[in-house]
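Notes to accompany the following structure.
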Amino acid sequence: MTYSQLDLPLGGRLYVAELPFGIAPSLSNYRSLTQQLLDEIAPRETSWRLTHLPTGAPHLDAPDLDYSISLSHSGSYVGLVLCEGQHGIGVDLQIASDKLPRIAPRFMSPAELAHYHQLLAAEEPQAAREWLYTVWGLKEAAYKAYPPKVQRHLATNYIVSPPDASLSASRSSDKGSDSITRYSICADEGDDRPTLLTGYLLRSITTAPYHLTYVLYAGGAVLPAE
């Protein structure tokens, strides 16, 4: 099978595979493609099996190995992230969607929405579109990496700050050099001690057929320096 891969900041690896031509997107086809991808990337003479926890979260059954896994699918694509050790990780893959601009007030905080409108007013439609998809993707990924203890609202459970240009970087992939932008995400559960998560824009809907975001919560674990 054909797939792409990308080494992630702070460790871990991302894989993206596409359904074969003529195979319709469905949950069963996504799961089948995911298992095929795991069979392809598993070490020789080992067997990796995808299972699910009672919460519905994916779990990798890999003998003698300790990996965290996160999955996402949209359109004909499946995204899979593997990270050694038990960490909170989340990936979100999103193809172009007409609904995101319409539902922006439902998932964007007032500050995020104001930044979106500022970009539109400044006649920067590409930047506005990227911000829209990035906020959506980072919040979806954050929910997987750090599920909220108190269910409030997607617009306020996670708050995304505009990126700092100094935190942009490049990572090598099998398709060359990918530009990666780092974001800070505040997981606010209504108390006075919000949790800070680290998010990354890996591929943008403005230049790729899908928007790809990744969130990491180490939970106090020591990870290698970026």
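The values are calculated or read from the model by the stated rules, or taken from the named source; none is laboratory data. As the structure is a computational prediction, the values presented were derived from the model and not from experiment. We place every Cβ from the backbone using ideal geometry, glycine too, and count neighbours over all the protein chains shown. Accessible surface is based on the protein model in full, side chains and every heavy atom, while ligands, DNA and RNA are left aside. Shrake-Rupley method; radii C 1.70, N 1.55, O 1.52, S 1.80 Å.
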task = Subtract the Cα-Cα distance of LYS99 and GLU40 from 0.36 nm times their separation in residues, and report this length gain in nm to one decimal.
result = 17.8 nm
Region 1-132: radius of gyration over Cα atoms, expressed as a fraction of 2.2 N^0.38 Å = 1.26
ask   = Hey, got a sec? Which trypsin sites (Lys or Arg not before Pro) in region 17-125 land in a DSSP loop and have at most 14 other Cβ atoms within 10 Å?
value = ARG44
note = Length-normalised contact order of the chain, Cα under 8 Å, at least 6 apart, in percent, tallies to 20
remark   = Note to self: with every protein chain in place and a 1.4 Å probe, region 20-92 gives an accessible area per residue in Å² of 55
task = May I ask for the percentage of alpha-carbon pairs in region 29-80 that lie more than 14 Å from each other?
result = 52
request  = Would you work out the charge dipole size for the chain about its Cα centre, treating the Cβ of every Lys and Arg as +1 and the Cβ of every Asp and Glu as -1, and quote it to the nearest 20 debye?
outcome  = 440
note = For TYR158, the residues 5 or more places away or on another chain with a placed amide H closer than 5 Å to its own amide H are ASP188
key: Signed unit charges on C-beta, dipole axis of the chain, positive-most listed residue TYR30, ALA42, LEU80   = TYR30
task = At 7 Å along the Cα-to-beta-carbon direction for both TYR3 and SER47, put a label point, then send me their distance in nm to one decimal.
result = 1.8
message = 5 Å is the cut-off here: which amide hydrogens, built 1.01 Å from N in the peptide plane, fall below it relative to ARG203, excluding neighbours closer than 5 in sequence?
response = LEU212
query = Per the Cauchy relation, a quarter of the hull surface: what is the mean projected area of the convex hull of the alpha carbons in the chain, in nm²?
reply = 13.6
inquiry  = Restricting to DSSP loop positions (anything but H, G, I, E, B) with no more than 15 other Cβ atoms inside 10 Å of their own Cβ, which GluC sites (Glu not before Pro) remain in region 17-103?
reply    = GLU45
